[in-house]
Amino acid sequence: MLRLTRLDDSDLARLESALDAAGLPYDDVREAGRFFYWSDGPHASFVGLEVFGGDALLRSLVVPLGARGKGLGRRVVETLLVEASESGIERLWLLTTTAEAFFAAIGFEPVARQEAPPAIRTTREFRDLCPASATFMKLDLARNRL
């Protein structure tokens, strides 16, 4: 399995640059309550979480352009799912404008934005950074053990 390493503050510029290059929002990555990780290996990929008890918002999955389509993104997400489950997270939520099929193949299901828990609704990503047209998705980790 892939290994994910938690980023510290000195690594966030690298994350912001990768998100910017991928056209993903990065305005709030330095705010409290966000945890970002990078994958080991030759193609540094990033992913993050905002945790609210048993719920978490999956954030900022970015895989370098040259490494896409080779399964790296899936391995990054699957590794994060195991770690999230082991840390007590029960449900993962996400917003996407371009990767609905990718996340559906992992087990995420589209849900109405109104189903978002109150804490998820308060995030900048949910309120401001992702457009209302973004697909909102959920994965129940208890039902989908990896």
Item to check | Residue in region 6-14 that is crowded, with 18+ Cβ neighbours inside 10 Å, at pLDDT 90 or above and farther than 23 Å from F136 by Cα present | outcome: yes
Checklist entry - If you take the residues of region 15-36 that are over 17 Å from L49 (Cβ atoms) and among the small types (G, A, S), which of them is least open to solvent (accessible area, probe 1.4 Å)? => result A22
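Among the strands (runs of 3 or more DSSP E) lying completely within region 39-146, list those that include at least 2 residues that are at pLDDT 90 or above and open to solvent by 50 Å² or more (accessible area, probe 1.4 Å).
Output list reads 46-52.
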Checklist entry - Does region 36-57 hold any residues that are free of Cβ contacts under 8 Å to residues at least 60 places away in the same chain and within 20 Å of A116 (Cα to Cα), and which are they? => result G48, L49, V51, G54, A56
Next on the checklist: Which pairs turn up if I take residues in region 91-111 that are in contact (Cβ under 8 Å) with a residue 12 or more places away in the chain and look for partners that are open to solvent by 70 Å² or more (accessible area, probe 1.4 Å) and among the hydroxyl-bearing types (S, T, Y) with beta carbon separation below 9 Å, at least 6 apart in sequence or on another chain?
Outcome noted: T97/S133
Next on the checklist: Anything in region 76-104 that is within 22 Å of R34 (Cβ to Cβ) and charged (D, E, K, R)? List them, or say none.
Outcome noted: E78, E83, E86, E90, R91
Next on the checklist: A13 - would you say it is hydrophobic (A, V, I, L, M, F, W, C) and part of a helix (DSSP H, G or I)?
Outcome noted: yes
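The values are calculated or read from the model by the stated rules, or taken from the named source; none is laboratory data. Please read all numbers here as calculations on a predicted model, not as lab measurements. Quick reminder, even Gly has a Cβ in these numbers, built from the backbone with ideal geometry, and neighbours come from all protein chains shown. The protein model used for the area step is the full one, side chains on, heavy atoms only, and it has no ligands, DNA or RNA in it. Shrake-Rupley method; radii C 1.70, N 1.55, O 1.52, S 1.80 Å.
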